[in-house]
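A quick write-up on the structure given underneath.
All of the numbers you see were taken from the coordinates with simple rules; none came from a lab. Owing to the predicted nature of the structure, the values given are computational and were not obtained by experimental measurement. Here the Cβ positions follow ideal geometry from the backbone for every residue, glycine too, while neighbour counts run over all protein chains shown.
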């Protein structure tokens with residue numbers, strides 16, 4: 001089976017891989033590029049552990065061929081922290097105990113990142129609805145919602161301070 | 001969960017898609033958002049030598065809202081439908097239904113065209129498009145033709161679309177104010193146990209002057225119940241009229257037992273969904 005060259009921008013860096021078009025994006029990221037933040041959970045587009053940000057959309061990387069992502073800009077959980085430290089969402093997940101085993105966390109945080117880009121000050125109901133594509137089997141979600149709500153307050157305050 | 005190999009194509013025009021389909025015949029399949037097709041390919045229940053990705057075809061991504069009707073490109077995603085404020089003003093039932101499909105990640109990828117053209121009886125948009133009296137525009141080697149959503153579905157996964165055609169856009173009239181899409185599902189991401197789409201227009205005399213009723217996942221095709229709509233016309237959506245409409249709808253559906261429940265349960269839920277949808281649509285009419 002023939003391969004094709006796939007160009008991606010991942011966490012700000014241009015990357016190229018040569019792979020079969022049938023390869024799923026999650027495998028390209030994890031196995032070819034060593035980006036293991038996005039996890040393989042259910043592999044059936046239900047759990048959201050493989051969520052990445054692709055051209056401004058939250059996408060389940062288990063349900064996209066690498067070929068479809070050719071030319072895309074991708075952000076994974078690895079791309080959220082800066083030289084100044086963790087992203088506010090990461091800080092808040094730690095602060096409010098938004099994880100236990102941590103398996104769903106990269107997907108949760110990557111999805112929450114896009115949710116807060118689109119809805120900077122969500123209600124609790126909007127957070128729950130916006131996070132409905134990510135499953136957690138540990139926390140019961142309460143602290144995940146709390147962490148996202150707190151991150152929203154921090155980000156809004158930082159935004160206001162900057163203006 | 002590794003699908004069989006295929007050659008990948010990303011044409012940027014409808015003409016090129018049709019050329020590839022003509023060249024490769026039933027060895028080729030188009031892919032829109034992929035959230036029905038890729039899971040089937042991963043299970044190896046679908047295999048194609050050629051996959052034709054429609055993502056680069058800009059002319060299939062438009063949303064046009066005019067006084068004389070609405071035109072939606074087949075590659076418009078559920079997320080696009082939800083985010084479009086003018087569309088939500090003109091046809092709020094579309095946003096209401098789209099918000100009940102799958103989850104946010106899936107809605108960023110899943111398209112209206114894929115949802116209606118796939119022919120999966122579990123999909124929500126086919127019933128909604130029948131309720132809205134939408135028309136599907138198909139393009140093939142002989143040009144474009146239009147098929148009413150109410151005529152499009154023949155059996156599960158069997159539609160009026162020919163193999164060498166693709167669905168390019170969906171046209172619909174601006175609907176009346178009274179609307180509701182009410183769906184019962186077991187959990188986020190599930191298909192409907194039963195769902196009802198209802199449109200109601202209120203006349204100057206305060207009674208129903210137009211009504212349209214369609215049901216989702218209660219047969220191997222979506223069910224537009226013409227009689228249920230007629231039973232509401234001329235009434236004030238009183239109990240007698242609603243009971244008649246529900247009875248008519250129950251005569252038109254044909255659910256089968258599966259892991260969402262036995263037939264009796266589905267018929268019960270269908271009645272509850274339709275009653276709720278009529279009440280909500282009438283309150284908004």
Inter-chain Cβ neighbour average for residues A:108-116, partner chain, 10 Å: 1
Cα centroid separation - the range A:60-92 against the range B:220-285, whole Å: 45
Angle in degrees between helix B:239-252 and the longest Cα principal axis of chain B, rounded to the nearest 10: 30
Acute angle (nearest 10 degrees) that the helix B:14-24 long axis makes with the longest principal axis of chain B, alpha-carbon atoms: 60
Residue order, fewest to most beta carbons within 10 Å, for B:116, B:256, B:182: B:256, B:182, B:116
Rel. contact order, % - alpha carbon contacts under 8 angstrom, at least six apart, chain A: 23
For A:19-26, mean number of other protein chain Cβ atoms within 10 Å: 4
Per-residue average of Cβ from other chains inside 10 Å of B:2-10: 6
FRET E, pair residue B:279, residue A:42, Förster distance 41 Å, beta-carbon r, rounded to 0.05: 0.65
Contact order normalised by residue count of chain B, Cα under 8 Å, 6+ apart, percent: 15
Sorted by Cβ density within 10 Å, fewest first, the residues B:144, B:275: B:144, B:275
Relative contact order (%) - the range B:197-285, alpha-carbon pairs under 8 angstrom, separation at least six: 28
Gyration tensor (alpha-carbon) shape descriptor, the protein assembly as shown, a/c threshold 1.5: oblate
C-alpha long axis of helix B:263-284 to longest principal axis of chain B, angle in °: 70
Whole-Å distance, taken between Cα centres, linking the range B:3-65 and the range B:125-179: 19
Neighbour-count order for A:60, B:183, fewest beta carbons within 10 angstrom listed first: B:183, A:60
